[in-house]
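The structure appears below as structure tokens.
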Amino acid sequence: MMNPSEIDTLVAISRIIPVITIERLQDAVPLARALVAGGVRLLEVTLRTEAGLAGAARIIAEVPEAVVGIGTVLTPDDLARAVGIGVRFALSPGATPALLEAAARCGIPFLPGIATASELMAAMSHGFQTFKFFPATAAGGIPALQALAGPFPAARFCPTGSIGAHNAAEWLARPNVVAVGGSWLTPAAEVRDGKWPAITARCAESVRDLSGSIPLPA
Ligand code: 3PG
């Protein structure tokens with residue numbers, strides 16, 4: 001069962017979560033350092049690539065300022081591997097009954113992915129109150145999230161999917177949004193070319209633009 005205060009602790013660290021895809025293991029640590037230097041400490045490392053889990057483990061070992069979570073958790077086995085390396089939280093783009101069951105007793109905050117009312121209800125029946133809303137823009141954007149707030153006033157969301165510097169503030173201003181995630185902070189070409197200062201600068205800009213003016217949801 002997830003305690004909502006654990007999520008509050010995480011989003012107090014950052015309300016912007018980079019969704020990180022690690023193609024080459026050696027990029028993991030310098031990338032994490034670049035993000036942390038820009039003020040972005042809450043990191044979602046996805047299991048989309050083979051290097052993902054090992055990259056997350058390296059970040060945990062070598063970048064203590066980073067608070068590392070694992071994304072693209074599709075199965076109970078993925079979740080067990082994530083918990084095994086000591087991640088602080090985990091997310092999924094969706095959910096299956098088996099994953100929800102495993103996540104409810106995994107011991108770390110877990111955000112199941114939802115895009116519809118029925119998916120939300122299935123996840124709520126396992127005790128979850130905070131969800132990844134994915135694919136946020138394609139699934140109806142802010143109007144969809146606003147509509148879900150009617151029947152589900154206690155549900156809170158971390159939307160991801162086509163969120164970037166251009167619209168993150170709008171999402172973060174919604175009372176049922178605790179944080180936003182996305183790949184805009186870690187463009188693949190910059191990671192490939194090791195353009196760490198550019199990544200740090202973009203993070204600092206996003207933190208400057210998005211923090212302060214946006215109150216945390218009550
Ligand atoms: C995710 O896995 O959370 C999303 O694919 C991120 O979406 P984006 O690449 O559009 O930011």
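The values are calculated or read from the model by the stated rules, or taken from the named source; none is laboratory data. In this text the structure is predicted, and so the values were computed from the model without any measurement. All Cβ positions, even for glycine, are placed from backbone atoms using ideal geometry, and neighbour counts span all protein chains on display.
What the table below lists for this structure:
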quantity: Helices (runs of 4 or more DSSP H) completely within the stretch 8-98 that count 3 or more residues being farther than 22 Å from Lys132 by Cα and not charged (D, E, K, R); calculated: 28-37, 51-62
quantity: Within the stretch 155-166, considering residues that are more than 11 Å from the ligand (Cβ to nearest atom) and modelled with pLDDT of 95 or more, the one nearest to the chain's Cα centre (by Cα); calculated: Phe157
quantity: Selection from the stretch 28-69 of residues that are within 15 Å of the ligand (Cβ to nearest atom) and within 20 Å of Val207 (Cα to Cα); calculated: Leu35, Val40, Leu42, Leu43, Glu44, Val45, Gly69
quantity: Residue among Gly127, Gly107, Gly150, Gly84 that alone is within 18 Å of the chain's Cα centre (by Cα) and not basic (Lys, Arg); calculated: Gly107
quantity: Criterion: more than 14 Å from the ligand (Cβ to nearest atom) and not basic (Lys, Arg) - qualifying residue of Ala115, Ala149, Ala136; calculated: Ala149
